[in-house]
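In what follows, a structure is listed as structure tokens, so that the remarks can point back to it.
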Amino acid sequence: MKRYIVIVMLALMVAGCVSEDGNYTSEGLQDSNPDISVNDAGDSQGEVNGTAEKESSYEASGYCYHVVDGDTIDVEGVGRIRLVGVNTPERGEPGYREATDFVKSMCLGRTVQLDIDDAKRNDKYGRVLAVVYVDGVNLNRELLRRGYAEVMYIPPSEFNPYGWT
């Protein structure tokens with residue numbers, strides 16, 4: 001049922017009858033995008049090669065100069081980042097090397113964009129909680145999709161990782 005509503009809303013948005021926030025309008029959308037979808041968490045996102053691309057501006061970005069493990073990276077100018085909503089194996093556990101190598105291949109030596117968790121900015125270790133984007137690809141989601149991570153939802157959080165799977 002949700003998908004049907006999303007399809008109808010999308011069709012109305014493309015036709016210029018509904019604004020992106022779901023309100024009816026008589027004005028057409030200036031920059032309508034037929035690739036916009038709404039995931040189960042209610043976030044407006046575009047699809048790029050089957051992965052979500054955030055359309056709003058990111059809260060921070062910087063050069064990833066170190067990958068600690070599959071769910072923790074260091075970003076120049078921001079600090080240590082904990083990928084919110086996911087948990088990868090720890091050192092010595094099966095899958096640790098694969099998850100870490102995947103994150104290295106995606107972001108080490110590259111500029112990453114961060115959507116920092118507005119509900120809880122830092123974890124108990126002081127790491128910044130964020131969704132990490134590399135060239136528009138939601139890295140947190142990709143870790144789940146490829147089986148390198150499991151969902152780890154700890155409220156409060158503005159993100160619903162169950163909508164990424």
Given region 70-165, what strands (runs of 3 or more DSSP E) lie entirely inside it while holding 3 or more residues that are in contact with a helix residue (DSSP H, G or I) (Cβ under 6 Å, 6 or more places away or on another chain) and buried (at least 16 other Cβ atoms within 10 Å of the Cβ)?
128-134
Being at pLDDT 50 or above and either of a type in the set (Asp, Glu) or surrounded by 18 or more Cβ atoms within 10 Å (Cβ to Cβ) (or both) is the filter here, so list the residues in region 45-69 that pass it.
Glu59, Cys64, Val67, Asp69
Going through region 72-91 one residue at a time, which ones are more than 14 Å from Leu114 (Cβ to Cβ) and either without any contact (Cβ under 8 Å) to a residue 12 or more places away in the chain or not hydrophobic (A, V, I, L, M, F, W, C) (or both)?
Asn87, Thr88, Pro89, Glu90, Arg91
Pair list, Cβ < 6 Å and 6+ apart or interchain, from region 92-117 residues that are closer than 11 Å to Asp69 by Cβ to residues that are among the polar types (S, T, N, Q):
Ala99/Thr88
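The values are calculated or read from the model by the stated rules, or taken from the named source; none is laboratory data. Nothing here was measured: the structure is a model prediction, and the numbers come from that model. Positions of Cβ are generated from backbone atoms using ideal geometry, with glycine treated the same way; all protein chains shown enter the neighbour counts.
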